[in-house]
């Protein structure tokens, strides 16, 4: 695999491409994102082992969602069959499983370190939602997760589509992120500004029309899904721009 070094402005191009992909399939692509989230969230609800199962499934879910985005880019309707592809009996499946186990171990390490190093929760009670997590604890978790994010950003697609061993795929992911740090930062900032800006504007508009917070949450849910779909869809053009397979095309 050849890793391209792109200008910082490429981050904006990836986000625009994500919008175009969403525009081609404004219903089908969000449905694929819902399936992706279900693969990660439902196992995580299980006590004790939930986070480990979710970590193992994460590479499979990522490759499945990228496959759905590739279908849209090539003019095909995305279907749930994209998520079955990584589970097919191929040599890459065993490597994907290894990658998932490594990911699960890293997530457990991050969770353990965050619990040991983070501040004690107020009142001794664990927070029940993200809004209740103290800012220092949240920043610590983000800081601890950044290395794992760099390792796993491109590793699933490198292993799942190109048969690269997990260790080499994680190394390639880190190198690709580092060489394109400027573009990655621009993409992250642009995605954050888009998500936050649209969300705040929508809330300000809707609060003048809707008094119930529960109803407001229900109305905002589709908008949140649209924004998440655009960001997730941007990862496919990002992968296509950063990597060039000089040996063969992805299946």
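The values are calculated or read from the model by the stated rules, or taken from the named source; none is laboratory data. What you are looking at is a predicted structure, and each value in this text was computed from that prediction instead of being measured. Heads up, the Cβs are rebuilt from the backbone with ideal geometry, glycines too, and the neighbour counts pull from every protein chain shown.
Scanning segment 164-207 for residues that are closer than 21 Å to residue 56 by Cβ, in contact (Cβ under 8 Å) with a residue 12 or more places away in the chain and surrounded by fewer than 16 Cβ atoms within 10 Å (Cβ to Cβ) returns a single hit, 165.
May I ask you to verify whether residue 62 is surrounded by 14 or more Cβ atoms within 10 Å (Cβ to Cβ), modelled with pLDDT of 95 or more and out of contact with any helix residue (DSSP H, G or I) (no Cβ under 6 Å at 6 or more places or on another chain)?
Judged against the criteria, residue 62 is not a match.
Residue 194 meets each of the listed conditions (1) over 21 Å from residue 22 (Cα atoms); (2) at pLDDT 90 or above apart from (1). Across segment 208-226, the number of residues qualifying as in contact with a helix residue (DSSP H, G or I) (Cβ under 6 Å, 6 or more places away or on another chain) and touching a residue at least 40 places away in the same chain (Cβ under 8 Å) comes to 1. So, in segment 200-222, how many residues would count as being over 19 Å from the mean Cα position of the chain (by Cα) and assigned to a helix (DSSP H, G or I)? Number satisfying all stated conditions: 16. Take the conditions farther than 21 Å from residue 113 by Cβ and more than 18 Å from the chain's Cα centre (by Cα) and apply them to residue 157. Does it pass? No; evaluated as a whole, the condition is false for this residue.
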